[in-house]
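Participant: Below you will find the structure I want to go over with you.
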Amino acid sequence: MPSLRTQGLGVAYGGNRVFEDINISIDGPGLVGILGPNGVGKSTFMNAINKVITPSEGKVYLNGRDTSEMSYRDIARFVAYVPAQSKETFSMSVIDTVLMGRYPVSGISTTDNDVRIAAKCIGMMNVSDLAMRRFNELSAGQHQRVMIARGLAQEPEIMLLDEPTSNLDIYHQIYVMRLLRDLARERGIIVLAICHDLNVAAKFSDRLILFSEGKVVQDGPPSEVITSGNIREVYGVDADVVQVDGRPYAVYHADPQTPGGSMGTAPSD
Amino acid sequence: MKTDGILKTISEKVRLDRTVERAEGESDEEYVYREYRASWHSKMVFLALFLALFFVLIGYKVTLGEYDIGFGDVYSTIWHHLTGDIVDAGDDNVVWDQRMPRVLTAIIVGIGLGAAGAAMQSMMKNPLADPYTTGISSGALFGATLAMTLGVFIIDGYYGRVLNAFVFAMVPALLIILLSKWKRPTPAMMILVGISIMFIFNAFQSYMMLRADPNSVSAVYTWSVGSIGMTTWDQIPVILVFSFAGLIILCMMSRTINALNSGDEYAKSLGINVDRVRMLCMLVISMVAAGIVSFTGIIGFIGLVSPHIARIFVGSDNRILFPASALMGACLMLICDIVAFLLLGKNMQIGIVTAMIGGPLFLAILMAQKKEVW
């Protein structure tokens, strides 16, 4: 059973504190959404979990093991990371890009099995017709799906995704989030995804963690996190929350020129 | 115009997105798998074609010279020499003692610079990276000038000059390693360090040239334009070791360098110690380039152009790009040497020729190339 636990986790760059004293415990499989305004340290939090950034204080335990005592390689064997965007200079074909996800398993050689796994993950993300295209010829949305396929190819027990739906159309936003939820259940893995669309996150996540100004404001099931009060407090936006298909759904009153519309000040960056 | 056409047909034949016939009722997965195998196969075909071209060029180059020797005879003479059963002592002397050292040097230099250039560009994520922009060439020139004008040697004799050039060519790499104690060595920083060092070395080098007597100035100048005609059989093993050891190490690191290309954060999440890999890579590349340049003088354009040409045919996967670029480098060296001989009727300083031919060739390829490769 995969588990992820942080204990008094904090990150500061120079004198700039990003967040401190984060205590989160995820003890079993599921899709966990991370919400919060821009610049509150969601990505930094994610990078502190897989040691891409070394935490300034506190501990991270993955499957019960302290990451400060693990090598990058140890972590890569069961934790996959899907960045928000990719900055390739010389880009390879889509399949070669996805095959990179097999690196922690197969090292410098690529086996037949690796190619089959990559082909399967490409199929799961609906990009089979692009498999031989060059990565930099694709649209932003296609990029994102290829990067998720690359994460899946790693066959992780814990998967960390930084805004996996930010460039996708609504069909693919729903498709990706549903796929992540199903994967979490079927494979028994922890999927941690940073989201900006509260409604898509609420619809598919088993649990939501709401960040604000370097702290966790609320952590729990979607119905407890997506509330008018929380949205007002964290995002500075007035919203009504209604129930749609058994999940909370936020409707924003964002335009002061329409009757009943109002808007608070932007959350501090 | 004709080369444009040929290039176009070639690149259309082996495009990365070439179509594989889809079988009835075949799943997406199976189809993608077969497509991948087919594309890998076509890259291998290209590598084989490069290799064939390479052997033809060797044979042709050896036929050129005062003493007449047939194309086929070149190969049989080499074969007879290697098997220790020399048939014609005259042919053997011309082929083996007079012409092969130059040809072999051209090949070894091409392989080393081609592989080092490809690795530099991929590792620094910069299509402009080559021994010039990383300060290696100017370091070597500075070291050699120091020896030839002021007589400052680390050790005496012919190897003194080589060692001088080598030591100073390693300065950019060593400086980056020192700087990394305070700052993370990003790719951009590596290039900027290289360029600043280039300016510093060039300034001192110019100053030494102004103060030196005309004879040594002329010697420095001859060295600086790069020559492969002076190497003897004794020196070949030395540059061979630099070149091949470098190629092998880089090929072993190729998949890791692929991952660096997707950004440091992602590479770390794959378990790669990014800073350490980049430093090791920089050290290996510098040793290869410095090892070669210090023997032959500055040979421009091969390190820059070979990877770009190879990329058009085999794509940017470093596992295949490194060997392809190395072979391309060797072919380009031979082509330049052959063209110069045909035009002038004698052997030329190779550094001049590579730039004179490489520059326009590269421009033509850039123009003919429709697809963005980099």
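Participant: Considering only the range B:271-280, I want to know if a residue exists there that is within 30 Å of A:Asn50 (Cα to Cα), surrounded by fewer than 24 Cβ atoms within 10 Å (Cβ to Cβ) and in contact with a Pro (Cβ under 6 Å, 6 or more places away or on another chain).
Facilitator: Within the range B:271-280 (the criterion being within 30 Å of A:Asn50 (Cα to Cα), surrounded by fewer than 24 Cβ atoms within 10 Å (Cβ to Cβ) and in contact with a Pro (Cβ under 6 Å, 6 or more places away or on another chain)), the answer is yes, since at least one residue qualifies.
Participant: Let me ask something else. Condition (residue is touching a strand residue (DSSP E or B) at 6+ places or on another chain (Cβ under 7 Å), assigned to a loop (DSSP other than H, G, I, E, B) and closer than 27 Å to B:Glu35 by Cβ) applied to the range A:162-172: is it met by at least one residue?
Facilitator: Looking for residues that are touching a strand residue (DSSP E or B) at 6+ places or on another chain (Cβ under 7 Å), assigned to a loop (DSSP other than H, G, I, E, B) and closer than 27 Å to B:Glu35 by Cβ, one finds at least one in the range A:162-172, hence yes.
Participant: Follow-up question, since we're still on this one. Considering each of B:Ile257, B:Ile197, B:Ile292 in turn, give the residue that is touching a Ser or Thr at 6+ places or on another chain (Cβ under 6 Å), under 24 Å from B:Ile176 (Cβ atoms) and in contact (Cβ under 8 Å) with a residue 40 or more places away in the chain.
Facilitator: B:Ile257
Participant: While we're looking at this one, here's another question. Tell me, which residue of the range B:231-256 that is more than 10 Å from chain A (Cβ to nearest Cβ) and of a type in the set (Val, Ile, Thr) is farthest from B:Ile302 (Cα to Cα)?
Facilitator: Out of the qualifying residues, it is B:Thr232.
Participant: Name the residue, out of A:Arg247, A:Arg185, that is outside the structural domain of A:Tyr103 (by TED's automatic domain parsing), in contact with a Ser or Thr (Cβ under 8 Å, 6 or more places away or on another chain) and modelled with pLDDT of 90 or more.
Facilitator: Testing whether each residue is outside the structural domain of A:Tyr103 (by TED's automatic domain parsing), in contact with a Ser or Thr (Cβ under 8 Å, 6 or more places away or on another chain) and modelled with pLDDT of 90 or more leaves just A:Arg247.
Participant: Just one of A:Thr227, A:Thr258 is polar (S, T, N, Q) and either more than 17 Å from A:Ala201 (Cα to Cα) or at pLDDT below 70 (or both); which is it?
Facilitator: Details: A:Thr227 fails: either more than 17 Å from A:Ala201 (Cα to Cα) or at pLDDT below 70 (or both).
The match here is A:Thr258.
Participant: Another question about this same structure. When you scan the range A:80-108, how many residues do you find that are over 20 Å from B:Phe313 (Cα atoms), at the interface with another protein chain (Cβ under 7 Å from one of its Cβ atoms) and of a type outside the set (Gly, Ala, Ser)?
Facilitator: Total satisfying the criteria: 7.
Participant: Being modelled with pLDDT under 85, touching a Phe, Trp or Tyr at 6+ places or on another chain (Cβ under 9 Å) and more than 14 Å from chain A (Cβ to nearest Cβ) is the requirement here; does B:Met328 meet it? Before you say what the answer is, go through the steps one by one.
Facilitator: Details: modelled with pLDDT under 85: no; touching a Phe, Trp or Tyr at 6+ places or on another chain (Cβ under 9 Å): yes; more than 14 Å from chain A (Cβ to nearest Cβ): yes.
Judged against the criteria, B:Met328 is not a match.
Participant: Identify the residue in the range B:262-315 that is under 30 Å from B:His41 (Cα atoms) and among the polar types (S, T, N, Q) and, among all such residues, is modelled with the highest pLDDT.
Facilitator: Among those residues, the one meeting the criterion is B:Ser306.
Participant: Do any residues in the range B:24-36 that are facing chain A (nearest Cβ under 9 Å) and within 23 Å of B:Asp317 (Cα to Cα) have Cβ atoms under 8 Å from those of residues that are buried (at least 17 other Cβ atoms within 10 Å of the Cβ) and among the basic types (Lys, Arg), where the two are at least six apart or on different chains, and which pairs are they?
Facilitator: If the second residue must be buried (at least 17 other Cβ atoms within 10 Å of the Cβ) and among the basic types (Lys, Arg), the pairs left are B:Glu29/A:Lys120.
Participant: If we scan the range B:295-309, do we find a residue that is within 12 Å of chain A (Cβ to nearest Cβ), under 29 Å from B:Trp223 (Cα atoms) and within 16 Å of the chain's Cα centre (by Cα)? Give the steps one after another, and end with the answer.
Facilitator: Taking the range B:295-309 as the starting set, the residues that turn out to be within 12 Å of chain A (Cβ to nearest Cβ) are B:307-308.
With the extra rule that they be under 29 Å from B:Trp223 (Cα atoms), the set shrinks to B:307-308.
Checking which are within 16 Å of the chain's Cα centre (by Cα) leaves us with B:307-308.
Checked against the condition, which is being within 12 Å of chain A (Cβ to nearest Cβ), under 29 Å from B:Trp223 (Cα atoms) and within 16 Å of the chain's Cα centre (by Cα), the range B:295-309 yields at least one hit.
Participant: Take the residues in the range A:57-79 that are of a type in the set (Val, Ile, Thr) and in contact (Cβ under 8 Å) with a residue 24 or more places away in the chain, then tell me which one is farthest from the other protein chains (Cβ to nearest Cβ).
Facilitator: Selected residue: A:Val60.
Participant: Counting only residues that are in a loop (DSSP other than H, G, I, E, B), at negative phi and either modelled with pLDDT under 85 or within 14 Å of another protein chain (Cβ to nearest Cβ) (or both), how many does the range B:131-159 have?
Facilitator: Final tally of qualifying residues: 8.
Participant: Taking the range A:135-163 on its own, how many of its residues are within 12 Å of chain B (Cβ to nearest Cβ), crowded, with 23+ Cβ neighbours inside 10 Å and charged (D, E, K, R)?
Facilitator: Total meeting the criteria: 1.
Participant: Another question, then. Is there a residue being without any contact (Cβ under 8 Å) to a residue 12 or more places away in the chain and either outside any helix (DSSP H, G or I) or small (Gly, Ala, Ser) (or both) anywhere in the range B:73-82?
Facilitator: Yes: one or more hits.
Participant: Would you please list the contacts, defined by Cβ atoms under 8 Å and residues six or more apart or on different chains, that run from a residue in the range A:1-28 that is without any contact (Cβ under 8 Å) to a residue 24 or more places away in the chain to a residue that is surrounded by 12 or more Cβ atoms within 10 Å (Cβ to Cβ) and assigned to a loop (DSSP other than H, G, I, E, B)?
Facilitator: Every condition considered, the pairs that remain are A:Ser25/A:Ser3.
Participant: Then there is this: Select from the range A:109-129 the residues that are hydrophobic (A, V, I, L, M, F, W, C) and facing another protein chain (nearest Cβ under 9 Å) and list them in ascending order.
Facilitator: Hits for the range A:109-129 are A:Val115, A:Ala118, A:Ala119, A:Ile122.
Participant: Take residues that are β-branched (Val, Ile, Thr) and tell me which of the helices (runs of 4 or more DSSP H) falling wholly in the range B:207-325 contain 3 or more.
Facilitator: B:214-224, B:236-252, B:274-296, B:302-314
Participant: In the range B:236-254, which residues are in contact (Cβ under 8 Å) with a residue 60 or more places away in the chain and surrounded by fewer than 18 Cβ atoms within 10 Å (Cβ to Cβ)?
Facilitator: Result: B:Ile236, B:Leu240, B:Phe244.
Participant: Kindly indicate whether B:Ala203 is loosely packed, with under 13 Cβ neighbours inside 10 Å, over 29 Å from B:Ala106 (Cβ atoms) and hydrophobic (A, V, I, L, M, F, W, C).
Facilitator: Yes; evaluated as a whole, the condition is true for this residue.
Participant: Right, another one. Only one of A:Gly41, A:Gly58 is at positive phi and more than 20 Å from the chain's Cα centre (by Cα). Can you tell me which?
Facilitator: On inspection, the qualifying residue turns out to be A:Gly58.
Participant: Now a separate question. Would you call A:Glu157 farther than 15 Å from A:Leu179 by Cα and free of Cβ contacts under 8 Å to residues at least 60 places away in the same chain?
Facilitator: no
Participant: Quick one: in the range A:97-124, which of the residues that are among the charged types (D, E, K, R) and under 23 Å from the mean Cα position of the chain (by Cα) is surrounded by the most Cβ atoms within 10 Å (Cβ to Cβ)?
Facilitator: Among those residues, the one meeting the criterion is A:Arg102.
The values are calculated or read from the model by the stated rules, or taken from the named source; none is laboratory data. Nothing here was measured: the structure is a model prediction, and the numbers come from that model. Note that each Cβ is placed from the backbone with ideal geometry, even for glycine, and that neighbours are counted across all protein chains shown.
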